[in-house]
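As structure tokens, the structure follows; a few thoughts come after it.
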Amino acid sequence: MRHHSFSTAIFAAGLLTGATAAQAANESWVSGTGTDAGTCPRTAPCRTFQFAHDQTNNNGAINVLTAGNYGPVTITKPISIVADGVEAVINTASDGGAGIFVQAGGGAVVSLRGLTIDMRGSINDAIAFVSGAALHVQNCVIRKASNGIGVSPTSGTRELYVADSVISDTTLGIFVQPSGSGGAILALDRVRVENAAFDGILRQGVFTTGSITATVRDSVSAGNALTGITADETAPGTTTVMVDRSASVNNGDAGIRSEGAGATIRIGDSTVSGNTLGLSTSGGGVIDSYGTNQVNGNGTDGTPTNVIGMK
């Protein structure tokens, strides 16, 4: 570590603080022909998400002007990245080992829209959500990563919202694994998870005393080597998943699996077909059915633990 006199350090810190305050903007812009310099206004866009992130105020937005490869990026603040009508690609990993590494403050809300994250078959995650209050992923394509989206809080409760997106050819599609006292709230709406080497959608609460609550609506988990949708909870916490108007089909193991005494999956108006096993429970896990599902055409269809009424 370099050593400076106390007065010199204070003077330098003052200059840096003043520069940061002067340079930060509520809106920054990137372009495939931009340059990482200045404050990234629309008239002089920057080249990478990371540089633009560092020039953007809390609760500001990074906007994509033209098609290009803009990543990776480590997000440490509440911010939005928006690509509407242009292809914005990330295919290399940040220092955190992900295309997008979200390590923001406890109250931060991060929004990602219109991105293509292709990790080219590497061992890196596409999106790693480690800290922050909530992550919104909309209209994104994620492929050829380790975890498509990984959520791994060690304390507090993280919220993940994914809509109108495709996750394909990953090791795990959406992988939620809190530890310590961490928990998670998830909502997936019109999401396709396809061709994972293991599970498509896995909520695993075995390492936490916290709880996981999730909803999967109007979504598909298909062609995964193991299970389409899994809830796994053997710790003191609970994992509860609602599957509504969705399909888990053509998976190499189970369509829907509930493992452990703390795991409950409720299914309604959904299709489970073409899997080696349709519905599978073990270790006290529960699958509640509203009696409105199509569970057939599997190697073994299985049966729900309970058929429950709609209120």
Only listed residue being of a type outside the set (Ser, Thr, Tyr) and in the same structural domain as residue 238 (by TED's automatic domain parsing), chosen from 137, 191:
191
Can you name the strands (runs of 3 or more DSSP E) wholly within region 39-98 that have at least 1 residues being in contact with an Asp or Glu (Cβ under 7 Å, 6 or more places away or on another chain)?
56-64, 73-75, 88-90
Got at least one residue in region 41-58 being within 21 Å of residue 143 (Cα to Cα) and modelled with pLDDT under 95?
no
Which residue is farthest from residue 304 (Cα to Cα), if the candidates are limited to region 198-244 and must be part of a loop (DSSP other than H, G, I, E, B) and of a type in the set (Val, Ile, Thr)?
209
From the options 293, 298, residue that is touching a residue at least 40 places away in the same chain (Cβ under 8 Å) and either in the same structural domain as residue 196 (by TED's automatic domain parsing) or under 24 Å from residue 151 (Cα atoms) (or both):
298
Sole exception among (1) among the basic types (Lys, Arg); (2) touching a Lys or Arg at 6+ places or on another chain (Cβ under 9 Å); (3) farther than 21 Å from residue 183 by Cβ for residue 217, by number:
(3)
Considering (1) modelled with pLDDT under 95; (2) in contact with a Lys or Arg (Cβ under 7 Å, 6 or more places away or on another chain); (3) not aliphatic (A, V, I, L, M), say which one residue 18 fails and leave the rest.
(2)
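The values are calculated or read from the model by the stated rules, or taken from the named source; none is laboratory data. Not measured: the values here are computed from a predicted model. Every residue, glycine among them, receives a Cβ derived from its backbone with ideal geometry; neighbour counts consider all protein chains shown.
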